[in-house]
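Below is one structure, written out as structure tokens, with a few remarks after it.
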Amino acid sequence: MKNSTLSQRDLSVLWHPCTQMHDHESFPLIPIKSAKGVWLEDFEGNRYLDAISSWWVNLFGHANPDINAALKAQLETLEHVIFAGFTHETAINLAEKLVDLTPAGLSRCFYADNGSSAVEVALKMSFHSWQNQGQTRKTKFITLENSYHGETLGALAVGDVALYKKTYAPLLMDVITVPSPDCYFREKNEAWADYSTRQFAHLDNTLQQYAGEICAVIIEPLVQCAGGMRMYDPIYLTLLRDACHKYNVHLIADEIAVGFGRTGTLFACEQASISPDFLCLSKGLTGGYLPLSAVLTTDAIYDAFYDNYANQKAFLHSHSYTGNALACRAALATLTIFETQHIVDANLLLAAKMTALSKRFIDHAHVSEVRQTGMILAIELVKDKRSRAPYPWQERRGLQVYQYALQKGVLLRPLGNVIYFMPPYVITHEELNVMFDIAWQAITSATQH
Ligand SMILES: *Cc1c(COP(=O)(O)O)cnc(C)c1O
């Protein structure tokens, strides 16, 4: 079978996510036949190094033997069962593990089936818990500029990436958006912590003014991923946690992208020693195998809903596939790998290797910044290094990088002019060499005209 046979069939019936389908008149769609470890293989034997973990979900490689075995065992016993009125051991095991591993105080686990749904759950729970406590004026959320929380309407409303949001603005609830601690904008020689601290004043002022109307602040801890892998200092989270306590507002930590070891700790919140009121998890949760998400929350939130049925305080939110047994089993197998193979420690070595390999990019004529938080490393391309003037988006330089790298067997998927690496944790040092080498060539090729 040839790649083109499948891509033709695909293009006559399918509609792909986050894609202008017209682009595929010029760029081929790549059908993948199989995958193993960090490598994807198409129908003509070409191999691609999955440098972005298949949209940030894959942690321990494709066709991971441990996760495969766990799933096969689960298939033989229970694939799925309704999760209202019924339960099963795998969902319980996973919830116990998550409560155990996540920051202190998070004692309840509510399942959903993708990241956006988890964000919807957290928003609704926060609002509803205030309602149940008679705080009916609390109806608004605070979010940061350039944040991303998913594509469903509630999640889109609390995000701030214009490319995805602008068109739908008339459909979205009002939110309060405050400037971000994003350290790309710090003064020359200003420390990340100083800039992030300085930027916190905006949020503090907003809370001071509007706290009585605010349900929660929602934030991506440490890295605004879809917003171009923009990063900030943990001090911002520490200040935010204190302020949320002070002003009686919930803190929703969206660790859908940064959770599970991406930032150098199992959860990003650990780097600020904070516990949010809601923690949203998905993406890496199942090692990239199956859709699943979880919202962890506190006894205080849970108690605000717990009452006689007649008092009408229950959280009546559901998804058909809540607590899916296969997905929960994949997640358990993933967490077992973290434990038995000491992944967070092992990642320190991989992250250090990434730092070393990225050094040469700093002086590139069209690179304004190389930044890194743990296993996420981003390279910002600009038209003019000194003024940091960006390339016009119409030039699609990132797409040129993508295409060049793909030809050479590396899957990068730049966010606009930001080239980033977010590889599976099973990548070897040799494979990291290949990844950075090809990226260098791709960037050089895409910026030389
Ligand atoms: C990907 C992502 C989401 C949405 O998750 P989906 O599973 O794609 O709906 C939400 N928040 C963050 C921070 C994300 O990166």
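Listing for the model above:
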{"quantity": "Three-way shape call for the stretch 138-291 based on the alpha-carbon gyration tensor, with the a/c threshold at 1.5", "calculated": "rounded"}
{"quantity": "Dipole of the stretch 111-193, positive end: most advanced residue of Gly134, Val161, Ser117 [Cβ charges, Cα centre]", "calculated": "Gly134"}
{"quantity": "Extreme residue, positive dipole direction of the stretch 138-209, given options Thr152, Leu171, Tyr195 (C-beta unit charges)", "calculated": "Leu171"}
{"quantity": "Given charges at Cβ of Lys, Arg, Asp, Glu: the stretch 378-449 dipole, positive-most of Met422, Val434, Gln403", "calculated": "Gln403"}
{"quantity": "Nearby aspartates and glutamates by direct alpha-carbon distance to Lys408 (threshold 14 angstrom, same-chain neighbours under 8 apart not counted)", "calculated": "Glu41, Asp42, Asp50, Glu431, Asp437"}
{"quantity": "Accessible carbon and sulfur surface of the stretch 36-152 relative to its total accessible area, %, 1.4 Å", "calculated": "54 percent"}
{"quantity": "Cα-centre dipole for the chain with unit charges at Cβ (Lys and Arg positive, Asp and Glu negative), debye to 20", "calculated": "840 debye"}
{"quantity": "28 Å Cα-Cα reach of Lys165 towards lysines, excluding residues that sit fewer than 8 places from it in its own chain", "calculated": "Lys124, Lys138, Lys140, Lys283, Lys383"}
{"quantity": "With every protein chain in place, the stretch 295-351: carbon and sulfur % of accessible area (1.4 Å)", "calculated": "54 percent"}
{"quantity": "Shape call, the stretch 1-153: gyration tensor on alpha carbons, a/c limit 1.5", "calculated": "oblate"}
{"quantity": "Carbon + sulfur, % of accessible area of the stretch 183-248 - ligands and nucleic acids excluded, 1.4 Å", "calculated": "48 percent"}
{"quantity": "Under 5 Å, built H, 5+ apart or other chain: amide partners of Val178", "calculated": "Thr143, Leu144, Glu145"}
{"quantity": "Probe 1.4 Å, protein heavy atoms only - accessible area per residue of the chain in square angstrom", "calculated": "46 Å²"}
{"quantity": "Probe 1.4 Å - accessible area at Ser129, Å² to nearest ten", "calculated": "0 Å²"}
{"quantity": "Pair Asn93, Gln20: separation of 7 Å Cα→Cβ label points (nm)", "calculated": "4.8 nm"}
{"quantity": "Gained length - Thr428 relative to Lys385, 0.36 nm times residue gap less alpha-carbon distance", "calculated": "12.3 nm"}
{"quantity": "Separation of alpha-carbon centers, the stretch 127-162 and the stretch 3-38, rounded to whole Å", "calculated": "35 Å"}
{"quantity": "Chymotrypsin sites (Phe, Trp or Tyr not before Pro) within the stretch 283-387: DSSP coil, no more than 15 neighbouring Cβ in 10 Å", "calculated": "Tyr306"}
{"quantity": "Cα gyration tensor category, rounded, prolate or oblate, for the chain with a/c compared to 1.5", "calculated": "oblate"}
{"quantity": "Assigned charges on the beta-carbon of Lys, Arg, Asp, Glu; the stretch 109-233 dipole about Cα centre (debye)", "calculated": "260 debye"}
{"quantity": "Helical segments meeting 20 Å axial Cα length and Kyte-Doolittle 1.6 threshold in the chain (DSSP H)", "calculated": "none"}
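The values are calculated or read from the model by the stated rules, or taken from the named source; none is laboratory data. All values derive from a computational prediction rather than experimental measurement. As a convention, Cβ positions derive from the backbone with ideal geometry for all residues, glycine included, and neighbour counts pool all protein chains shown. Keep in mind that these areas ignore ligands, DNA and RNA; they rest on the heavy atoms of the full protein, side chains included. Shrake-Rupley method; radii C 1.70, N 1.55, O 1.52, S 1.80 Å.
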